[in-house]
Amino acid sequence: MMIIRLFFISILTLSCTSKNVVYKSAQYSQTKNRFEDPNFPKEHKSIFDLLKWTFFTSKDEWPNWVELKAKPQLLTPDINQVNLTFINHSTFFLQTKDLNILTDPIWSQRTSPVQWAGPKRVHKPGIEIDKLGRVDVVIISHNHYDHLDSDTLVQLNELYQPTFLVPLGDKALLESLGIKNVVELDWWEKVDFNGHIITFTPNQHWSKRGIFDYNKSLWGGYVIQIGNKNIYFAGDTGYTKYFKDIYKRFGAMNLSLLPIGAFEPRWFMQDYHMDPEESIWAHKDLHSKKSVGIHFGTFQLTNEARDIPEKKLKMYLPSNQLSAEEFLTLSPGESRLFDL
């Protein structure tokens, strides 16, 4: 296991390079030639921390394969509704009355720059990629391989010709894949899709795909405004003041998609990935009417067992005066119609 993990780290480290490009962004440091979060709590983890995690901690065992039971129910909802289908990991299909949105799509077998090494999926996607019907917008939170999967994006572009929204710094990557309809966004920048506003929002994370591109592109989440209703997709993030900032700017969220997995060991992951209790705090900071857990159960990226994120979420709900219907999880392939 250690050899496999070290091999995968080497693959990630050597996978690609990045040219220095200067961006006119408040988040971009021209002295360091990279994006920086002014509110990040401390220094990012070092290669020595990574080696310590790799060699001196153990991972709980995951199943080799899980058969799916849920059947997706795609439909066109009424105004002030969203039909939400969980596909896998952080990939959700949001269907509104006249706009269909995919979040951080990944249909590949592995979350890796290659398909012969790296974390492998333990269940099939909840719906086949060519069965979505219509995709208008694809939103990408950051460039890690489990959130920006090149093979999947190429397939989506060929099948549906959607608009791709990406963080500042990632447009060139998509264009290198032959994808032309790309909009690059800085924090708080927005795009109008026939009156539906999608805004790229700050969160606490980082970006990297290879040895020379640490924080060469931005990271974040998205607020999707459907009329006067708000849907929030968090992407990957540690617990941060930005949730309260988003509430102050947009008001309460009607529905939030919040990460609950890939959080152990805490000494390594806490700054980058929320645990389930912190996700509940984010739900409260956002004054979210309902939240759905994401970023769990498909790829073993960290140490905790596959079922722990959902178990811990359920455990922490009562002490936070929340019900299982206020912060819930869906099974891969499950669809749920939400009133906004």
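The values are calculated or read from the model by the stated rules, or taken from the named source; none is laboratory data. Just so it is clear, the structure is predicted and the values come from calculations on it, not from any experiment. For neighbour counting, all protein chains shown are included, and Cβ atoms are generated from backbone atoms with ideal geometry for every residue, glycine included. Heads up: the accessible areas ignore ligands, DNA and RNA and are worked out on the full protein's heavy atoms, side chains in. Shrake-Rupley method; radii C 1.70, N 1.55, O 1.52, S 1.80 Å.
Note the full-extension length gain between Gln73 and Val122 as 0.36 nm times their separation in residues minus their Cα-Cα distance, in nm to one decimal. Don't skip to the answer; put the middle values down first.
Values: separation 49, 0.36 × 49 = 17.64 nm, distance 2.23 nm.
Working it through step by step, the gained length comes to 15.4 nm.
Taking Cα centre as origin and charging only the Cβ of basic (Lys, Arg, +1) and acidic (Asp, Glu, -1) residues, the dipole magnitude of the stretch 136-178 rounds to 140 debye.
Straight-distance candidates among the lysines for linking to Lys120, with alpha-carbon spacing under 17 Å and chain neighbours fewer than 8 residues away dropped: Lys59. Taking the chain as a Gaussian network of alpha-carbon nodes connected by springs under 10 Å, the highest mean-square fluctuation of the residues Met269, Met253, Met315 belongs to Met315. Placing a pseudo-label 7 Å from each Cα along the Cα-to-Cβ vector at Asn228 and Ser331 gives an inter-label distance of 3.8 nm. Take 177-183, 257-263 and order them by the average number of nearby Cβ atoms within 10 Å per residue, most first; the result is 257-263, 177-183. Only protein heavy atoms count here; under a 1.4 Å probe, His295 has an accessible surface of about 0 Å². Between Val191 and Ser150, the simple spin-label model (points 7 angstrom out along Cα→Cβ) gives 2.1 nm.
How would you classify the stretch 72-176 from its alpha-carbon gyration tensor, with a ≥ b ≥ c the square roots of the eigenvalues: rounded for a/c under 1.5, else prolate if a/b is greater than b/c, otherwise oblate? Oblate, because a/c is 1.5 or more while a/b does not exceed b/c.
Each Cα pair under 8 Å and six or more residues apart adds its separation to the average, and for the stretch 235-340 the resulting relative contact order is 30 percent.
Any lysines with Cα under 26 Å of the Lys284 Cα? List them, leaving off those in the same chain fewer than 8 positions away. In chain and number order, the partners are Lys42, Lys190, Lys229, Lys241, Lys244, Lys248, Lys311, Lys312, Lys314.
Which whole-number value in Å² is the accessible area per residue of the stretch 128-236, probe 1.4 Å? Let's see the in-between values first.
Numbers: 3640 Å² over 109 residues.
Averaged over the residues of the stretch 128-236, the accessible area is 33 Å².
Peptide packing for 216-228, 238-250 was compared via the average number of neighbouring C-beta atoms within 10 Å per residue; ordered from the highest value, the list is 216-228, 238-250. Exposure check, 1.4 Å probe, all protein chains in place: Asp271 carries approximately 10 Å² of accessible surface. Here the accessible area of the stretch 146-210 is 46 percent carbon and sulfur, with a 1.4 angstrom probe and all protein chains present.
Proximity of backbone amide H atoms, modeled 1.01 Å from N, is registered between Gly221 and Thr201, Asn203 at under 5 Å, excluding neighbours fewer than 5 places apart on the same chain. Normalised by the number of residues in the chain, the average gap of Cα pairs under 8 Å and 6 or more apart makes the relative contact order 20 percent. Note on the chain: with a GNM built from Cα contacts shorter than 10 Å, the maximum mean-square fluctuation among Pro119, Pro41, Pro162 falls on Pro41. Over the stretch 218-340, what percent of the accessible surface lies on carbon and sulfur atoms, probe 1.4 Å? Ligands and nucleic acids excluded, carbon and sulfur give 50 percent.
Taking 7 Å steps out from each Cα toward its Cβ at His287 and Val22 produces label points 4.2 nm apart.
In terms of the Cα gyration tensor, with a ≥ b ≥ c the square roots of its eigenvalues, is the stretch 187-322 rounded because a/c is under 1.5, prolate because a/b exceeds b/c, or oblate? Don't skip to the end; give the middle numbers.
Values: a/c = 2.00, a/b = 1.16, b/c = 1.72.
Taking the square roots of the gyration eigenvalues as a ≥ b ≥ c, the stretch 187-322 is oblate.
Computed extension gain for Trp267 through Ser58, at 0.36 nm per residue and net of the alpha carbon distance, reaches 73.8 nm.
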